[in-house]
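Data first, discussion second: the structure below is written as structure tokens.
The values are calculated or read from the model by the stated rules, or taken from the named source; none is laboratory data. Only a predicted model underlies this, so the values are computations on that prediction, with no experimental measurement involved. No Cβ is skipped: glycine too gets one built from the backbone with ideal geometry, and neighbour counts run over all protein chains shown.
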Amino acid sequence: MIESGIKSISQMNMIKDINDELKDTYDQLEKAYMESIQTLRYTVEAKDAYTRGHSDRVSEYSVLIGRKLGLQDSDIRLLQIGGLFHDIGKIGVPDSILLKEARLTDDEYSQIKNHPSIGAHILSNATIFADIIPIVKHHHEKYDGTGYPGRLKGEDIPYLARIAAIADTFDAMTSVRPYRKALPLDVVKEEFRKYSGTQFDPNIAKVFLEILETDYDKIEEIQEKYPS
Ligand SMILES: [Fe+2]
């Protein structure tokens, strides 16, 4: 019978009510998510001015690379948020070590190397951050398996973490610290060519070198927005 396939007005109203309720719930979740992000942001900002600027730049460089690679919006969002919080574990490392300008002892260096695992642990209790944990935990892995904390190799390293690693290293080379100047751009490019396939994923490094060649204005925009 034709009538059986047609929903009555009261059924349609009920569906509309359910949809409205779902939308309200989704909006509330989204709001809670953004508030959690803001809270974590304040945590990172409380650490020191350098960490703040560094995190913002790594976030934006990661997004730039992700877009050039044609990643979908959901991955771009993970790169953006993962970049902001990639070093959040540094709140678990004493400033006397983090800010030390003299050469680090082996013990001090191993404490610094704990920050990706500390960061992953900080985020581990919140389901909403589950998808950025791979970035936080593995942004210091190297393509040849000599990085930390997992000594993961090649494609075993989460893809988004391989992108963040390049953004992070680029920022370390190009930002100004009290004890060192930024490296000149030609030296930076040479480093990326030299360590492509050992430290860096060769395909992502190639795309990043293309960005440095053809989209350098976008890099400069980020550096002007978040100066070091
Ligand atoms: Fe880091």
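The table for this structure:
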{"quantity": "Test: residue in the range 110-123 that is within 16 Å of the ligand (Cβ to nearest atom), surrounded by 10 or more Cβ atoms within 10 Å (Cβ to Cβ), of a type in the set (D, E, K, R) and within 19 Å of ARG162 (Cβ to Cβ)", "calculated": "yes"}
{"quantity": "Residue identified as in a helix (DSSP H, G or I), surrounded by fewer than 17 Cβ atoms within 10 Å (Cβ to Cβ) and in contact with a Phe, Trp or Tyr (Cβ under 7 Å, 6 or more places away or on another chain) among ILE128, ILE97, ILE132, ILE65", "calculated": "ILE128"}
{"quantity": "Some residue of the range 172-190 being touching a strand residue (DSSP E or B) at 6+ places or on another chain (Cβ under 9 Å) and either in a helix (DSSP H, G or I) or touching a residue at least 12 places away in the same chain (Cβ under 8 Å) (or both)", "calculated": "no"}
{"quantity": "Counted residues, the range 173-222 - those being at pLDDT 95 or above and within 23 Å of ALA161 (Cβ to Cβ)", "calculated": "30"}
{"quantity": "Matching residues, the range 135-151, being in a loop (DSSP other than H, G, I, E, B) and either within 15 Å of the ligand (Cβ to nearest atom) or surrounded by fewer than 16 Cβ atoms within 10 Å (Cβ to Cβ) (or both)", "calculated": "HIS139, HIS140, GLU141, LYS142, ASP144, GLY145, THR146, GLY147, TYR148, PRO149, GLY150, ARG151"}
{"quantity": "Pairs with Cβ under 7 Å, 6+ apart, first in the range 22-39 and free of Cβ contacts under 8 Å to residues at least 60 places away in the same chain, second assigned to a helix (DSSP H, G or I)", "calculated": "ILE37/ILE81"}
{"quantity": "Count of residues meeting criterion [in contact (Cβ under 8 Å) with a residue 24 or more places away in the chain, outside any loop (DSSP other than H, G, I, E, B) and surrounded by 13 or more Cβ atoms within 10 Å (Cβ to Cβ)] in the range 203-228", "calculated": "10"}
{"quantity": "Hey, GLY83 assigned to a helix (DSSP H, G or I) and within 13 Å of the ligand (Cβ to nearest atom) or not", "calculated": "yes"}
{"quantity": "Sole exception among (1) within 30 Å of VAL207 (Cα to Cα); (2) in contact with a helix residue (DSSP H, G or I) (Cβ under 8 Å, 6 or more places away or on another chain) for SER36, by number", "calculated": "(1)"}
{"quantity": "Where LEU160 falls short, out of the listed (1) within 16 Å of the ligand (Cβ to nearest atom); (2) in contact with a Phe, Trp or Tyr (Cβ under 6 Å, 6 or more places away or on another chain); (3) in a helix (DSSP H, G or I)", "calculated": "(2)"}
{"quantity": "Top-ranked residue in the range 28-46 [being closer than 12 Å to PHE85 by Cα and not polar (S, T, N, Q); ranked as modelled with the lowest pLDDT]", "calculated": "GLU45"}
{"quantity": "Test: residue in the range 89-103 that is at pLDDT 95 or above, more than 14 Å from the ligand (Cβ to nearest atom) and farther than 24 Å from GLU45 by Cβ", "calculated": "no"}
{"quantity": "Selected residue (criterion: nearest to GLU210 (Cα to Cα)) from residues of the range 68-80 that are in contact (Cβ under 8 Å) with a residue 40 or more places away in the chain and assigned to a helix (DSSP H, G or I)", "calculated": "LYS68"}
{"quantity": "Tabulated pairs, the range 104-133, first under 18 Å from LEU78 (Cβ atoms), second more than 13 Å from the ligand (Cβ to nearest atom) and of a type in the set (Phe, Trp, Tyr), C-beta under 6 angstrom, 6+ apart or interchain", "calculated": "LEU123/PHE129; ILE128/TYR33"}
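Rundown of residues vs (1) small (Gly, Ala, Ser); (2) under 16 Å from ALA165 (Cβ atoms); (3) surrounded by fewer than 18 Cβ atoms within 10 Å (Cβ to Cβ), yes/no style:
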position: SER10; (1), (2), (3): yes, no, yes
position: ASN13; (1), (2), (3): no, no, yes
position: ASP20; (1), (2), (3): no, no, yes
position: TYR61; (1), (2), (3): no, yes, no
position: ARG77; (1), (2), (3): no, no, yes
